[in-house]
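Engineer: Take a look at this one; I'll ask things after.
The values are calculated or read from the model by the stated rules, or taken from the named source; none is laboratory data. Only a predicted model underlies this, so the values are computations on that prediction, with no experimental measurement involved. Because the Cβ atoms are built from the backbone with ideal geometry, glycine has one as well, and the counts that use them run over all protein chains shown. Side chains included, ligands, DNA and RNA excluded: accessible areas come from the protein's heavy atoms. Shrake-Rupley method; radii C 1.70, N 1.55, O 1.52, S 1.80 Å.
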Amino acid sequence: MAATTATQPTTEPVAGTSLWQDAWRRLQRNKLAVTGMVLVAIIVTASLAGPPIIERTTGYTYDYIPSEPELLKALPPFTGPDGSFSWEHPMGTDTSGRDLLARVLLGGRISLMVGLISTFVSLMIGLAYGATAGYLGGRVDEAMMRIVDVLYSIPYMMVVIVLLSLFGRNTPLGQLVLLFIALGAVSWLTMARIVRGQVISLKNQEFILAARATGVSTIGILARHLVPNTLGPVIVYATLTIPSVMLLEAFLSFLGLGVQAPYASWGSLAADGVQSIAIFPWQLLFPGTTMAITLFSMNFIGDGIRDALDPQMRKS
(Lines give C-alpha, C1' and ligand atoms only; values in the text may rest on other atoms or scores of the structure.)
Protein backbone atom coordinates (compact mmCIF):
# COMPACT_ATOMS: atom_id res chain seq x y z
CA MET A 1 0.00 0.00 0.00
CA ALA A 2 1.55 3.27 -1.10
CA ALA A 3 2.15 5.81 1.58
CA THR A 4 0.16 8.99 1.20
CA THR A 5 1.85 12.29 1.90
CA ALA A 6 -0.17 15.20 3.18
CA THR A 7 0.28 18.32 1.16
CA GLN A 8 1.23 21.39 3.13
CA PRO A 9 -0.86 24.46 2.24
CA THR A 10 1.28 27.21 0.83
CA THR A 11 0.95 30.59 2.48
CA GLU A 12 1.89 33.83 0.80
CA PRO A 13 4.17 36.10 2.84
CA VAL A 14 2.40 39.14 4.17
CA ALA A 15 4.18 42.38 3.42
CA GLY A 16 4.60 44.53 6.50
CA THR A 17 4.02 48.25 6.63
CA SER A 18 5.95 50.84 8.56
CA LEU A 19 4.53 53.47 10.88
CA TRP A 20 4.97 56.15 8.22
CA GLN A 21 3.18 54.03 5.57
CA ASP A 22 0.28 53.42 7.94
CA ALA A 23 0.20 57.11 8.83
CA TRP A 24 0.11 58.14 5.15
CA ARG A 25 -2.73 55.69 4.47
CA ARG A 26 -4.77 57.03 7.38
CA LEU A 27 -3.99 60.62 6.38
CA GLN A 28 -5.36 59.95 2.89
CA ARG A 29 -8.63 58.79 4.45
CA ASN A 30 -9.00 62.06 6.37
CA LYS A 31 -11.14 64.20 4.06
CA LEU A 32 -10.47 67.47 5.90
CA ALA A 33 -6.71 66.90 5.82
CA VAL A 34 -6.75 66.02 2.11
CA THR A 35 -8.87 69.10 1.38
CA GLY A 36 -6.42 71.20 3.38
CA MET A 37 -3.45 69.81 1.45
CA VAL A 38 -5.13 70.55 -1.87
CA LEU A 39 -6.00 74.13 -0.85
CA VAL A 40 -2.51 74.80 0.52
CA ALA A 41 -0.96 73.39 -2.66
CA ILE A 42 -3.15 75.69 -4.78
CA ILE A 43 -2.32 78.76 -2.66
CA VAL A 44 1.42 78.01 -2.62
CA THR A 45 1.47 77.41 -6.38
CA ALA A 46 -0.49 80.61 -7.04
CA SER A 47 1.77 82.63 -4.72
CA LEU A 48 4.91 81.40 -6.45
CA ALA A 49 3.77 81.41 -10.06
CA GLY A 50 1.10 84.12 -9.98
CA PRO A 51 3.14 87.35 -9.75
CA PRO A 52 5.43 86.52 -12.75
CA ILE A 53 2.40 85.49 -14.81
CA ILE A 54 0.53 88.71 -13.93
CA GLU A 55 3.59 90.81 -14.75
CA ARG A 56 4.09 89.07 -18.09
CA THR A 57 0.44 89.22 -19.16
CA THR A 58 -0.65 92.61 -17.81
CA GLY A 59 2.57 94.41 -16.90
CA TYR A 60 1.45 94.95 -13.31
CA THR A 61 3.68 94.19 -10.35
CA TYR A 62 2.87 94.29 -6.67
CA ASP A 63 4.34 97.79 -6.28
CA TYR A 64 3.42 99.27 -9.65
CA ILE A 65 1.64 102.63 -9.26
CA PRO A 66 0.10 103.94 -12.50
CA SER A 67 1.33 107.29 -13.77
CA GLU A 68 -2.09 108.29 -15.12
CA PRO A 69 -4.02 110.41 -12.57
CA GLU A 70 -7.33 108.76 -13.46
CA LEU A 71 -5.94 105.36 -12.40
CA LEU A 72 -4.75 106.50 -8.96
CA LYS A 73 -7.90 105.30 -7.24
CA ALA A 74 -9.45 102.15 -5.84
CA LEU A 75 -11.28 100.11 -8.44
CA PRO A 76 -13.79 97.39 -7.50
CA PRO A 77 -13.11 93.82 -8.67
CA PHE A 78 -13.57 93.21 -12.42
CA THR A 79 -14.04 96.91 -13.04
CA GLY A 80 -12.14 99.09 -15.48
CA PRO A 81 -11.26 102.80 -15.08
CA ASP A 82 -14.42 103.77 -16.97
CA GLY A 83 -16.67 101.66 -14.74
CA SER A 84 -17.24 98.87 -17.28
CA PHE A 85 -16.58 95.17 -16.75
CA SER A 86 -12.91 94.24 -17.13
CA TRP A 87 -10.71 91.22 -16.41
CA GLU A 88 -7.71 93.50 -15.86
CA HIS A 89 -8.06 93.60 -12.04
CA PRO A 90 -9.94 90.51 -10.78
CA MET A 91 -9.54 91.64 -7.14
CA GLY A 92 -9.68 95.35 -7.87
CA THR A 93 -7.00 97.87 -6.90
CA ASP A 94 -6.04 99.73 -3.74
CA THR A 95 -6.22 103.46 -3.18
CA SER A 96 -2.88 103.92 -4.99
CA GLY A 97 -4.06 102.05 -8.08
CA ARG A 98 -1.93 98.96 -7.39
CA ASP A 99 -3.30 95.59 -8.53
CA LEU A 100 -4.67 93.81 -5.46
CA LEU A 101 -4.32 90.30 -6.90
CA ALA A 102 -0.58 90.77 -7.40
CA ARG A 103 -0.26 92.14 -3.86
CA VAL A 104 -2.28 89.30 -2.32
CA LEU A 105 -0.14 86.71 -4.09
CA LEU A 106 3.06 88.46 -3.00
CA GLY A 107 1.61 88.65 0.51
CA GLY A 108 1.15 84.90 0.34
CA ARG A 109 4.85 84.49 -0.40
CA ILE A 110 5.85 86.64 2.56
CA SER A 111 3.33 85.16 5.02
CA LEU A 112 4.15 81.56 4.09
CA MET A 113 7.87 82.31 4.24
CA VAL A 114 7.48 83.87 7.69
CA GLY A 115 5.57 80.81 8.89
CA LEU A 116 8.02 78.27 7.47
CA ILE A 117 11.29 80.00 8.39
CA SER A 118 10.17 81.02 11.88
CA THR A 119 8.91 77.49 12.55
CA PHE A 120 12.24 76.10 11.32
CA VAL A 121 14.12 78.42 13.70
CA SER A 122 11.93 77.34 16.62
CA LEU A 123 12.33 73.70 15.57
CA MET A 124 16.12 73.87 15.63
CA ILE A 125 16.24 75.64 18.99
CA GLY A 126 13.59 73.41 20.56
CA LEU A 127 15.16 70.17 19.30
CA ALA A 128 18.64 71.05 20.53
CA TYR A 129 17.48 72.44 23.88
CA GLY A 130 14.91 69.77 24.70
CA ALA A 131 17.05 66.84 23.62
CA THR A 132 20.03 68.09 25.64
CA ALA A 133 17.94 68.65 28.78
CA GLY A 134 16.17 65.29 28.52
CA TYR A 135 19.28 63.24 27.85
CA LEU A 136 21.59 64.81 30.44
CA GLY A 137 18.91 64.87 33.14
CA GLY A 138 19.62 65.68 36.78
CA ARG A 139 20.55 69.21 37.74
CA VAL A 140 21.23 70.21 34.17
CA ASP A 141 17.70 69.25 33.21
CA GLU A 142 16.27 71.07 36.23
CA ALA A 143 18.18 74.27 35.47
CA MET A 144 17.34 74.24 31.77
CA MET A 145 13.64 73.61 32.33
CA ARG A 146 13.40 76.31 35.01
CA ILE A 147 14.68 78.73 32.38
CA VAL A 148 11.88 77.54 30.11
CA ASP A 149 9.35 78.10 32.92
CA VAL A 150 10.60 81.65 33.42
CA LEU A 151 10.33 82.36 29.70
CA TYR A 152 6.83 80.88 29.69
CA SER A 153 5.77 83.40 32.33
CA ILE A 154 6.69 86.32 30.05
CA PRO A 155 4.03 87.24 27.46
CA TYR A 156 5.61 86.21 24.17
CA MET A 157 3.87 88.99 22.29
CA MET A 158 5.59 91.54 24.49
CA VAL A 159 8.95 89.84 23.88
CA VAL A 160 8.49 90.02 20.11
CA ILE A 161 7.42 93.67 20.25
CA VAL A 162 10.43 94.57 22.41
CA LEU A 163 12.82 92.72 20.07
CA LEU A 164 11.38 94.40 16.99
CA SER A 165 11.44 97.81 18.66
CA LEU A 166 15.02 97.55 19.97
CA PHE A 167 16.65 95.84 17.00
CA GLY A 168 14.43 97.10 14.21
CA ARG A 169 16.27 97.60 10.92
CA ASN A 170 16.08 100.64 8.69
CA THR A 171 15.65 98.49 5.58
CA PRO A 172 12.49 96.47 4.83
CA LEU A 173 14.57 93.34 4.16
CA GLY A 174 16.40 93.69 7.48
CA GLN A 175 13.07 94.10 9.26
CA LEU A 176 11.81 90.94 7.56
CA VAL A 177 14.86 88.91 8.65
CA LEU A 178 14.51 90.21 12.20
CA LEU A 179 10.85 89.17 12.13
CA PHE A 180 11.89 85.61 11.22
CA ILE A 181 14.32 85.46 14.12
CA ALA A 182 12.01 87.13 16.67
CA LEU A 183 9.05 84.88 15.93
CA GLY A 184 11.21 81.75 15.95
CA ALA A 185 12.88 82.80 19.20
CA VAL A 186 9.58 82.83 21.11
CA SER A 187 8.02 79.71 19.54
CA TRP A 188 10.47 77.03 20.67
CA LEU A 189 9.41 76.59 24.31
CA THR A 190 6.64 74.05 23.76
CA MET A 191 8.81 72.28 21.18
CA ALA A 192 11.57 71.91 23.77
CA ARG A 193 9.17 70.38 26.28
CA ILE A 194 7.81 67.91 23.75
CA VAL A 195 11.29 66.79 22.68
CA ARG A 196 12.47 66.55 26.30
CA GLY A 197 9.58 64.26 27.21
CA GLN A 198 10.24 62.02 24.21
CA VAL A 199 13.97 61.82 24.95
CA ILE A 200 13.36 60.93 28.62
CA SER A 201 11.12 58.04 27.54
CA LEU A 202 13.73 56.79 25.03
CA LYS A 203 17.10 57.31 26.68
CA ASN A 204 16.96 54.07 28.73
CA GLN A 205 15.85 51.88 25.84
CA GLU A 206 18.04 48.99 24.75
CA PHE A 207 19.26 50.59 21.53
CA ILE A 208 20.48 53.66 23.45
CA LEU A 209 22.24 51.48 26.04
CA ALA A 210 23.87 49.54 23.19
CA ALA A 211 25.07 52.79 21.61
CA ARG A 212 26.60 53.87 24.91
CA ALA A 213 28.29 50.50 25.34
CA THR A 214 29.90 50.77 21.90
CA GLY A 215 31.36 54.17 22.79
CA VAL A 216 29.10 56.47 20.79
CA SER A 217 29.47 60.06 22.01
CA THR A 218 26.65 62.04 23.58
CA ILE A 219 26.26 64.21 20.49
CA GLY A 220 26.20 61.09 18.32
CA ILE A 221 23.48 59.48 20.44
CA LEU A 222 21.41 62.65 20.33
CA ALA A 223 21.83 63.25 16.61
CA ARG A 224 21.68 59.66 15.31
CA HIS A 225 19.39 57.84 17.74
CA LEU A 226 17.26 60.10 19.93
CA VAL A 227 16.29 63.06 17.76
CA PRO A 228 15.20 60.93 14.73
CA ASN A 229 12.90 58.91 17.03
CA THR A 230 11.14 62.08 18.23
CA LEU A 231 10.19 63.26 14.76
CA GLY A 232 6.56 62.07 14.95
CA PRO A 233 5.36 64.48 17.67
CA VAL A 234 7.78 67.14 16.40
CA ILE A 235 6.28 67.08 12.89
CA VAL A 236 2.78 67.32 14.32
CA TYR A 237 3.63 70.31 16.49
CA ALA A 238 5.63 72.01 13.71
CA THR A 239 2.66 71.67 11.35
CA LEU A 240 0.41 73.35 13.91
CA THR A 241 3.03 76.01 14.67
CA ILE A 242 3.12 77.36 11.11
CA PRO A 243 -0.43 78.80 11.14
CA SER A 244 -0.01 80.21 14.66
CA VAL A 245 3.20 82.01 13.60
CA MET A 246 1.48 83.34 10.48
CA LEU A 247 -1.37 84.66 12.62
CA LEU A 248 1.11 86.30 14.99
CA GLU A 249 2.91 87.94 12.05
CA ALA A 250 -0.42 89.22 10.75
CA PHE A 251 -1.15 90.78 14.14
CA LEU A 252 2.28 92.42 14.26
CA SER A 253 1.88 93.75 10.74
CA PHE A 254 -1.55 95.04 11.75
CA LEU A 255 0.19 96.99 14.53
CA GLY A 256 2.82 98.30 12.10
CA LEU A 257 5.67 96.21 13.57
CA GLY A 258 5.76 93.48 10.97
CA VAL A 259 6.45 93.52 7.26
CA GLN A 260 7.34 96.98 5.97
CA ALA A 261 6.76 98.52 2.53
CA PRO A 262 7.46 97.86 -0.28
CA TYR A 263 6.94 94.26 0.85
CA ALA A 264 3.46 93.18 1.88
CA SER A 265 1.99 90.29 3.82
CA TRP A 266 -1.60 89.27 4.32
CA GLY A 267 -1.49 90.99 7.71
CA SER A 268 -0.23 94.31 6.34
CA LEU A 269 -2.74 94.17 3.48
CA ALA A 270 -5.52 93.55 5.99
CA ALA A 271 -4.28 96.50 8.06
CA ASP A 272 -4.44 98.72 4.99
CA GLY A 273 -7.89 97.40 4.12
CA VAL A 274 -9.31 98.12 7.58
CA GLN A 275 -8.63 101.81 7.14
CA SER A 276 -11.07 102.00 4.23
CA ILE A 277 -13.36 99.03 4.94
CA ALA A 278 -16.53 101.14 4.84
CA ILE A 279 -15.76 102.45 1.34
CA PHE A 280 -13.56 99.77 -0.26
CA PRO A 281 -14.42 96.47 1.54
CA TRP A 282 -12.66 94.29 -1.06
CA GLN A 283 -9.28 95.56 0.13
CA LEU A 284 -9.85 93.66 3.40
CA LEU A 285 -12.03 90.86 2.05
CA PHE A 286 -9.55 89.26 -0.35
CA PRO A 287 -6.38 89.15 1.80
CA GLY A 288 -8.41 88.27 4.90
CA THR A 289 -10.25 85.43 3.16
CA THR A 290 -7.07 84.05 1.62
CA MET A 291 -5.30 84.07 4.97
CA ALA A 292 -8.29 82.46 6.72
CA ILE A 293 -8.46 79.65 4.14
CA THR A 294 -4.73 79.02 4.50
CA LEU A 295 -4.84 78.96 8.30
CA PHE A 296 -7.84 76.64 8.40
CA SER A 297 -6.24 74.32 5.83
CA MET A 298 -2.96 74.11 7.73
CA ASN A 299 -4.79 73.37 10.96
CA PHE A 300 -6.72 70.61 9.20
CA ILE A 301 -3.42 69.17 7.95
CA GLY A 302 -1.89 69.35 11.42
CA ASP A 303 -4.88 67.65 13.02
CA GLY A 304 -4.82 64.99 10.32
CA ILE A 305 -1.12 64.26 10.83
CA ARG A 306 -1.65 64.11 14.60
CA ASP A 307 -4.45 61.56 14.20
CA ALA A 308 -2.49 59.59 11.59
CA LEU A 309 0.55 59.24 13.87
CA ASP A 310 -1.54 58.32 16.92
CA PRO A 311 -0.39 54.82 18.03
CA GLN A 312 -3.92 54.00 19.22
CA MET A 313 -5.15 54.26 15.61
CA ARG A 314 -2.58 51.93 14.03
CA LYS A 315 -5.15 49.14 13.72
CA SER A 316 -7.74 51.36 12.08
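Engineer: If each of Glu206 and Val44 carries a label point 7 Å out from its Cα toward its Cβ, how far apart are those two points in nm?
Structural biologist: Label-label distance for Glu206 and Val44, simple model: 3.9 nm.
Engineer: Is the C-alpha gyration tensor of the chain telling us rounded, prolate or oblate? Criteria: a/c under 1.5 is rounded; beyond that, a/b larger than b/c is prolate, otherwise oblate.
Structural biologist: Oblate, since a/c reaches 1.5 and b/c is not below a/b.
Engineer: What is the distance, in nm, between label points placed 7 Å from the Cα along the Cα-to-Cβ direction at Thr289 and at Leu136?
Structural biologist: 5.3
Engineer: Where does segment 177-316 land on Rg(C-alpha)/(2.2 N^0.38 Å)?
Structural biologist: With N residues counted in segment 177-316, Rg over 2.2 N^0.38 Å equals 1.45.
Engineer: Shifting gears a bit: I want to make sure I understand the PRE zone here: with the label point 7 angstrom from the Cα of Ile235 toward its beta carbon, which residues in segment 179-205 have backbone N atoms less than 15 Å away?
Structural biologist: none
Engineer: Let me ask you something else. Residue by residue through segment 134-149, what is 3J(HN,Hα) from phi via Karplus (6.51 cos²θ - 1.76 cosθ + 1.60, θ = phi - 60°)? Round to whole Hz and write x for glycine and proline.
Structural biologist: Along segment 134-149, the couplings run x, 6, 6, x, x, 5, 4, 4, 4, 5, 5, 6, 5, 4, 4, 4 Hz.
Engineer: Using a 10 angstrom cutoff on alpha carbons, build the Gaussian network for the chain and name the most mobile of Thr45, Thr290, Thr239.
Structural biologist: Sorting by GNM fluctuation, first place goes to Thr45.
Engineer: Can you tell me, using C-alpha contacts under 8 Å and at least 6 residues apart, the relative contact order of the chain as a whole percent?
Structural biologist: 25
Engineer: Charges on Cβ only, +1 for Lys and Arg, -1 for Asp and Glu, centred on the Cα centroid of segment 36-149; of Leu116, Pro90, Pro77, which one is farthest towards the dipole's positive end?
Structural biologist: Working it through, the farthest residue towards the positive pole turns out to be Leu116.
Engineer: Express the accessible area of the chain per residue in Å², computed with a 1.4 Å probe while the remaining protein chains stay in the model.
Structural biologist: Computed with neighbouring chains in place, this is 55 Å² per residue.
Engineer: Now for a different question. For segment 126-215, state which chymotrypsin sites (Phe, Trp or Tyr not before Pro) are in a DSSP loop and have at most 14 other beta carbons lying within 10 Å of their beta carbon.
Structural biologist: Phe167
Engineer: Still on this structure: For the pair Ile219 and Thr58, how long in nm is the line joining their label points, each one 7 Å along Cα→Cβ?
Structural biologist: 5.3
Engineer: Also: Longest segment of the chain with no trypsin sites (Lys or Arg not before Pro) in a DSSP loop having at most 15 other Cβ atoms within 10 Å?
Structural biologist: The segment 170-313 is the longest one with no such site.
Engineer: Per the helix-only calculation at 222 nm, which mean residue ellipticity applies to the chain, given -39500 (n - 2.57) for every DSSP H run of n ≥ 4 and division by its residues, nearest 500 deg cm²/dmol?
Structural biologist: The per-residue figure over the chain is -22000 deg cm²/dmol.
Engineer: Something else about it: In a Gaussian network model over the chain where Cα atoms closer than 10 Å are linked, find which of Leu100, Leu202, Leu247 has the largest mean-square fluctuation.
Structural biologist: Per the Cα network of the chain with a 10 Å cutoff, Leu202 tops the list.
Engineer: Sticking with this one: Share of the chain's accessible area from carbon and sulfur, percent, 1.4 Å?
Structural biologist: 66
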